[in-house]
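Right, one structure below, let's go through it.
Taken together, the values in this text are just the output of simple stated rules run on the coordinates, not laboratory data. Everything numeric in this text was worked out from a predicted model, so none of it was measured. Please note: Cβ atoms are built from the backbone with ideal geometry, for glycine as well, and neighbour counts cover all protein chains shown.
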There are 2 protein chains.
Amino acid sequence: MKDNEYMQMAIEAAKQAQWRTWKNPRVGAVIVKADTVLAVGYHHQYGDVHAEIDAYQQVTDKNQLVGATIYVTLEPCAHTGKQPSCASEMLAWVLKRVVVGQIDPNPLVTMHGIERLRKAGVQVDIWRTPVSEVINPAFHYFFTHQLPYVTLKVAQSFNGKINGAPDEATKITTAEVDVDSHRLRAYQQAIVVGSATALIDQPSLAVRNVSTDHQPLRVIIDRRGRLAGTDQVHQPNTLVITENEMFAAQYEQVQYQATVTPQSVRQLLGGLGIQAMLVEGGSELHAAFVAAQAYQTVVVYQTTTVLPNDGLSSFARDAVFASLGNISDVTTIDNTLKITLKPEEQ
Amino acid sequence: MKDNEYMQMAIEAAKQAQWRTWKNPRVGAVIVKADTVLAVGYHHQYGDVHAEIDAYQQVTDKNQLVGATIYVTLEPCAHTGKQPSCASEMLAWVLKRVVVGQIDPNPLVTMHGIERLRKAGVQVDIWRTPVSEVINPAFHYFFTHQLPYVTLKVAQSFNGKINGAPDEATKITTAEVDVDSHRLRAYQQAIVVGSATALIDQPSLAVRNVSTDHQPLRVIIDRRGRLAGTDQVHQPNTLVITENEMFAAQYEQVQYQATVTPQSVRQLLGGLGIQAMLVEGGSELHAAFVAAQAYQTVVVYQTTTVLPNDGLSSFARDAVFASLGNISDVTTIDNTLKITLKPEEQ
């Protein structure tokens, strides 16, 4: 087998973790000697051992590692965090060669792991395609731009409505679609909605129906301070962003900004270490992010329902006349279209 | 090879005609002897020889036909129309066996062709799956229900808008998508729009960019008679349907109905021999056909554009809260989704 086939095997291993690595990147590793796979490992979940160590632990006779090659989708870490530095650990294995899928974009790590291995005489080859970036778009975006990766999520009827009347919460998705959208939530560190959505839908914004140890931060954009005195502002794990100074002074979890824009929200959340944020609506907030071109992905669940003309349209704003970008994926879940789009320039 | 493989070959041949058989069904035929294909034929276009004859003409040594088997996707005709009856012609070939994909639903033909062949001692086997119906849905629907097969066609933005402002004709589709929608028109005998669409868009409703010898009838639904005195009512090949008696009395091509409904339009057009009609909008007319469940297919071209909130929504009506049915196909043309739906019960 060739390098690209082993790397592909490591990529497939990495994907198995799904959302469970949370803020950590999903990483896979394959140890090979004499064209025989000794072990396949991956980072299972946040707090667990890294992929290289997971593969290492599966090799019973550690002498086999001498002169072996490891394929790892992301540069081995060189800093001691929750786990000892992988690069240092690996030196003890006396490997011949390390093939790295992508250099780590985290400035604490970039090239440090690779240099440490090279200085110790290990051959390190860097793969030329962004394998880790494809698996971990938010992780890479965050460390490259110092801003969260923004996904806009919409559930709309076939005629583009999000409800049957302006002040109504109209349920159009099925249980199976809801599980998929909770899976999407599980990848995030923040779920963002506008004040109207918070007041009408009373959303918990929590991950349900999907096993996870981490709940994303609830973020409500409430420029005018309409949530003052409501239950919504008292929910745990909540951050409200407002232009209303008096409102902000009243509550600890309400943050004041002189002008709240998609970009100011991203900067604030990026400063909190949030790599991935999901904007769930309503239509005004979605339109604002589209108008500002402040998003990296759009995920739309489109049912076959036709809703009355009175309902609100998705991406509703008088001024918006824009393209959402390129269709990157279309699937069907329970007779509902799941459409993924990416803006033309990111 | 087995019967189903030869029948599949005949189906593929039938499809080659695309829209060119117009009101005639698309039919394919394969002549086989001693497990060898002697000829593959199909009905090329309206007015041309039928599939069986097309296959026959390709056999140089007609003696080879003695004892052969012919697979034909639709029952051979028994009436003399534009072409001599196929069933009668085929008797002279001294075939051993005829395998028929489906019984012809046209009452002038049903079982007549099969009976004529059987009486002459030819073995006729009837295939058990609706092969011809799948290739010719409108032809089969028309002869089964005595009503046209209705396709609703919508071009909408990603947020379900058909224009950027209520009285505006907003172009959102690309040239490549337009060719596809003209191909869809080429299969029809009538294109139907509402009066607002006729007045705002001034549509020719003609098939362009696609080679065809037939233009569908232009049909405008104009209950109140808003087209009186406009150019639209004077266009050639046009039928206007109205509830305004005075308006109808003024023009030869304006037809009066006391109450115009989707069903009354279908009945009128069915009486004119129209098998396939395409309803192109606007949103009120589409909503009326959805509310009346008076359609067999919906084809939606959905671009990635977001249009302003002021624009009209597709399927716009206060009362409609319905499912369009099941998603039967989704493809992408030039970054535009082409979504096909079928109602749950037809």
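What the Cα atoms of the range B:97-233 give is an Rg and a Dmax of 21.0, 68 Å. In chain B, the beta carbon lying closest to the axis that superposes B onto A belongs to the residue given here with its whole-angstrom distance, B:GLY160, 1. Inter-copy label distances at A:SER264, shortest first and taken from points set 7 Å along Cα to Cβ: 5.8 nm.
Shielding value for A:274-282 is 0, the average number of Cβ atoms from other chains within 10 Å of each residue's Cβ. Taking the centroid of alpha carbons for each part, the range A:194-217 and the range A:93-134 are 38 Å apart.
For A:LEU38, the residues 5 or more places off, or on other chains, whose built amide H falls under 5 Å of its own are A:ILE31, A:VAL32, A:LYS33.
Multiplying each eigenvalue of the alpha-carbon gyration tensor of the range B:214-295 by 5 and taking the square root yields semi-axes of 20, 15, 12 Å, largest first, rounded to whole angstroms. Spatially close Lys pairs in the range A:94-249, defined by Cα atoms under 25 Å apart and a spacing of eight or more places or different chains, total 4. Each residue of the range B:270-282 was assigned a 3J(HN,Hα) from its phi angle through the Karplus curve 6.51 cos²θ - 1.76 cosθ + 1.60 (θ = phi - 60°); the sequence is x, x, 8, x, 7, 8, 10, 10, 10, 9, 9, x, x Hz, with glycine and proline shown as x. Averaging 1/r across all pairs of distinct Cα atoms in the range A:7-103 and inverting the result yields a Kirkwood radius of 13.0 Å.
Once the Cβ-Cβ distance between B:THR259 and A:LYS119 is put in as r, and R0 is 56 Å, what FRET efficiency do you end up with, to the nearest 0.05? So the FRET efficiency works out to roughly 0.05. Rounded to the nearest 5, what is the percent of antiparallel bridges among the DSSP beta bridges in chain B? About 40 percent, rounded to the nearest 5. Backbone geometry of the range B:173-181 corresponds, through the Karplus equation with coefficients 6.51, -1.76 and 1.60 at θ = phi - 60°, to 3J(HN,Hα) couplings of 8, 8, 4, 5, 5, 4, 4, 4, 6 Hz, x marking Gly and Pro.
Near the amide H of B:GLN275, within less than 5 Å, lie the amide hydrogens of B:GLN189, all on another chain or at least 5 residues away, with H placed in the peptide plane.
Only helices enter the 222 nm calculation for chain B: every DSSP H run of n ≥ 4 contributes -39,500 (n - 2.57), and dividing by all residues gives -7500 deg cm²/dmol, rounded to 500. In order along the range A:250-263, the Karplus-derived 3J(HN,Hα) couplings, from 6.51 cos²θ - 1.76 cosθ + 1.60 at θ = phi - 60°, round to 6, 10, 5, 8, 9, 10, 8, 9, 4, 9, 8, 10, x, 5 Hz, and Gly and Pro are given as x. Taking the DSSP bridge list for the protein assembly as shown and keeping only pairs wholly inside it, about 40 percent are antiparallel.
Shown for B:SER264, B:SER211, A:SER132: other C-beta atoms within 10 Å of each C-beta, ranked fewest to most, produce the order B:SER211, B:SER264, A:SER132.
Sorting B:VAL109, A:VAL27, B:VAL279 by the number of Cβ atoms found within 10 Å of their own Cβ, with the fewest placed first, yields B:VAL109, B:VAL279, A:VAL27.
DSSP beta bridges fully contained in the range B:197-346 are about 65 percent antiparallel.
Inter-copy label distances for A:ASN335: 3.3 nm (label point placed 7 Å from Cα along Cα→Cβ; shortest first). A label point on A:THR110, set 7 Å along the Cα-to-Cβ line, lies at 7.6 nm from each of its counterparts in the other copies, closest listed first. A Förster radius of 60 Å, combined with the Cβ-Cβ distance separating B:ASP167 from A:ARG128, puts the computed FRET efficiency at roughly 0.65.
Ignore the peptide's own chain and count Cβ atoms of other chains within 10 Å of each Cβ in B:297-304; give me the average, rounded. List each step's numbers first, then the result.
Working: counts 0, 3, 0, 2, 0, 6, 3, 11.
Average neighbour count from other chains, rounded to a whole number: 3.
With the convex hull drawn around the C-alpha atoms of the range B:70-151, the volume per residue stands at 92 Å³. What net charge do the residues around B:ARG185 carry, taking every other residue with its C-beta under 9 Å from that of B:ARG185, with Lys and Arg at +1 and Asp and Glu at -1? With Lys, Arg at +1 and Asp, Glu at -1, the neighbours total +2.
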